[in-house]
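The values are calculated or read from the model by the stated rules, or taken from the named source; none is laboratory data. On a predicted model such as this, the values are computed, not experimentally measured, just so you know. We place every Cβ from the backbone using ideal geometry, glycine too, and count neighbours over all the protein chains shown. These area figures cover heavy atoms from the full protein model, side chains too; ligands, DNA and RNA do not enter into them. Shrake-Rupley method; radii C 1.70, N 1.55, O 1.52, S 1.80 Å.
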Amino acid sequence: KEGDEVECVVINMDRDGRRFSLSLKQVEPDPWQTVEELFPVGKVLEAVVTRVYPDRALVELAEGVEGVLRTEDLSWDRRVRHPGDLFNSGDKIEVKVLEVDTKRRKVRVGFKQTKPDPWDEFLKTYTEGDNVRGSVSSITDFGVFLEIMSGVEGLIHISQLDEKRVKNPRDIVKEGDAISAKIVKIDPAARRISLSVREFKRAQEVEETGKFMDNQSPGEGFLKLGEILGKMINKEKK
C-alpha cells in the first residue's frame, strides 16, 4: 500500500521523461533457472489446478511455474475427453513430470502416468488367438468397441461381427451387451486390438465337432460330420 518500503530492480530509465521502470519480481531468483533440478522428468508431485480449458489444464507446480496437462495425458481410458470431466480449478492432484523446456518456459505433466497402465496388465494376460469376453462400450458405422478390461478396448470390425453379412452393427448389438470374441491381432505400439466374433464362433464349432467325433463310432461319425460341414459351407455362402 502507499507508504510501504519495498526493494526493486531498475529495469529501464527514461531520462527525457524522467521516469524509472521498476520490477518487484526480479528481486527474487527466477524459478526457471532451477526448474530442471526442482522438477526432473519422471518426478511425481502434488499440484493445484489453476485453469481448465477444453483441450488442456494448467497446474501450479511452484510459485511462478505452471505445468501443462494435455487431454491425451488425462486418462488411460480413451473416453475421457475433457479435463473438466475429472477436476476443477483449485483441486489438488498428483501429476508426473513428462517434459521440461526451459527455453520456452514450459513443463508438460501427466495425470494418467501416475497410475498403472492397464495395457501392461493386458499384455501379461492375453495374446493373439485368445478368447475374451467384454462389454460393448461404443458402436460406430465400421464396427464395435469392446471393453476387455478397464482402460483397454478392442475393435470388432463390422466384417467380423457375425458369420453372416452385417450392414449396420446396431442391428445386432447395443451398448452394454456382453460379447465373446477372439483376439486376431495386437498392436502394442498403436495400442490397438483387433477382435473377431466370427472367428470365435468358428473355433467353437470346430471344438464342438471334435467333441462330437470323439463320442461316435467311425462310420456313424463320418456321416454326421458330412452334415455338419455342409451346414458350415452354407453359412459361408450366405
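Dividing the mean sequence gap of close Cα pairs (under 8 Å, 6+ apart) by how many residues region 1-108 holds gives a relative contact order of 25 percent.
Counting protein heavy atoms only, region 1-144 has 46 percent of its accessible area on carbon and sulfur, 1.4 angstrom probe.
In terms of its alpha-carbon gyration tensor, region 160-208 comes out oblate; a/c meets the 1.5 threshold, while b/c is at least as large as a/b.
In the context of the full set of protein chains, residues of the chain present 67 Å² of accessible surface per residue (probe radius 1.4 Å, heavy atoms only). Pairwise Cα separations in the chain fall into 5 Å bins from 0 onward with the following percentages, short to long: 1, 5, 10, 10, 10, 9, 9, 8, 7, 5, 4, 4, 4, 4, 3, 2, 1, 1, 1, 1, 0, 0, 0. Separation of region 1-32 and region 39-54, taken as the distance between their Cα centroids, equals 31 angstrom. Which entries in the list LYS124/LYS201; LYS174/LYS201; LYS25/LYS92 go over 23 Å, if you measure between the two C-alpha atoms of each? Going by Cα-Cα distance, LYS124/LYS201; LYS25/LYS92 fall outside the 23 Å limit. FRET efficiency for the TRP76 to GLU28 pair, using the beta carbon distance and R₀ = 30 Å, is estimated at 0.15.
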